[in-house]
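Colleague: Structure provided below as structure tokens; questions to follow.
The values are calculated or read from the model by the stated rules, or taken from the named source; none is laboratory data. On a predicted model such as this, the values are computed, not experimentally measured, just so you know. Note that we place each Cβ from the backbone using ideal geometry, even for glycine, and neighbour counts take in every protein chain shown.
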Amino acid sequence: MKLCNIERNGVLQLGVYHNDKIVDLSRAVKQHANANIPTSISECIGDSGKYLPHIKEYIHSLGDSGPYYLNEEDCLFGPVLSNPEKIICVGLNYRRHADETGAAYPEVPILFNKFNNSLTGHGHDIAIPPMTEELDYEVELAIVIGKTATRVSEDEALDYVLGYTTANDLSARDLQMKTSQWLLGKTCDDFCPIGPYLVTADEINDPQNLSLQTEVNGETRQESNTSDMIFSCKQIISYISHHFTLKPGDVILTGTPEGVVLGLPKDARVYLKSGDSVSVSIEKIGTCTNKII
């Protein structure tokens, strides 16, 4: 299934993509009550997604039309996750991205984090912070954890995944490089647009074979495949879980491929500016577009 957060009057409501439309479950339940149907993504995440089969059955019972069916273009999307306990990011995790920045391949995953203030949704404007002149884009496959994971093996790691979503790890490079710690350049407000859809793990046969792309004003800037990752999704989950416990709803951004502005020669770097439209896309998962203001 493809789940999303529909933002209405400042409140996030659970939506489900079905037959090229989005079913607003809160509206549907008001007309066709069902005690087993959640109206928020946080409820879906709890208890390892136990509600997902109920949602699928309920959606099919609704038929193909009704006031709760919405067109994508009529929806205001919130971040597909709004309050994760942890947002963990992996740096330099694509071979060709490390190559373009002149960095050695890491021997273990390089971890840093973002906070919930950085989350925003598809279609929302993102303001450039006044303290940066070097705003860069990074398309990333994001993993959403579905059940508590402590010291799990690589072979079992993907069993702990609820689903996947599309993320843009926006980065203020001048702030990022101020010190050896990247945090400052990574977690400004709205620096993690994520969504619009959370695609459940059963729809992604192999997370290591997904094409991903970034376009700025319609021009392709990044184009690669998750097969270029240095550390695979299962390796990342296992590695993190051996150091601290992953909880349902935690988000892991798995790194970005080549094509970022930082990877260009200094005299060729043109960072994001007001008026730019940035779209990050991942095969089978979706496209998250934001305007820079």
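Colleague: Does any residue in the stretch 58-70 that is farther than 15 Å from residue 13 by Cα and without any contact (Cβ under 8 Å) to a residue 40 or more places away in the chain come within less than 9 Å, Cβ to Cβ, of a residue that is part of a loop (DSSP other than H, G, I, E, B) and of a type outside the set (A, V, I, L, M) six or more places away or on a different chain, and which pairs are these?
Modeller: If the second residue must be part of a loop (DSSP other than H, G, I, E, B) and of a type outside the set (A, V, I, L, M), the pairs left are 58/32; 58/34; 58/36; 61/32; 61/34; 62/32; 62/68; 66/32.
Colleague: Go through the stretch 9-42 residue by residue and tally those that are outside any loop (DSSP other than H, G, I, E, B) and either in the same structural domain as residue 248 (by TED's automatic domain parsing) or surrounded by 15 or more Cβ atoms within 10 Å (Cβ to Cβ) (or both).
Modeller: The qualifying residues number 18.
Colleague: In addition: Out of 250, 276, I need the residue that is in contact (Cβ under 8 Å) with a residue 60 or more places away in the chain, within 12 Å of residue 142 (Cα to Cα), touching a strand residue (DSSP E or B) at 6+ places or on another chain (Cβ under 8 Å) and among the charged types (D, E, K, R). Which one? So that I can check it myself, show each step before the final result.
Modeller: Numbers: 276 fails: within 12 Å of residue 142 (Cα to Cα).
Exactly one of 250, 276 is in contact (Cβ under 8 Å) with a residue 60 or more places away in the chain, within 12 Å of residue 142 (Cα to Cα), touching a strand residue (DSSP E or B) at 6+ places or on another chain (Cβ under 8 Å) and among the charged types (D, E, K, R), namely 250.
Colleague: Is it fair to say residue 137 is touching a residue at least 40 places away in the same chain (Cβ under 8 Å), surrounded by 24 or more Cβ atoms within 10 Å (Cβ to Cβ), over 25 Å from residue 248 (Cβ atoms) and of a type in the set (Ser, Thr, Tyr)?
Modeller: Against the criterion (touching a residue at least 40 places away in the same chain (Cβ under 8 Å), surrounded by 24 or more Cβ atoms within 10 Å (Cβ to Cβ), over 25 Å from residue 248 (Cβ atoms) and of a type in the set (Ser, Thr, Tyr)), residue 137 qualifies.
Colleague: While we're looking at this one, here's another question. Scan the stretch 229-238 and give yes if some residue there is aliphatic (A, V, I, L, M), at pLDDT 95 or above and within 18 Å of residue 162 (Cβ to Cβ), otherwise no.
Modeller: yes
Colleague: I'm trying to understand the selection: among the residues of the stretch 178-201, which are in a loop (DSSP other than H, G, I, E, B) and over 30 Å from residue 18 (Cβ atoms)?
Modeller: 178, 179, 180, 181, 182, 186, 187, 188, 189, 191
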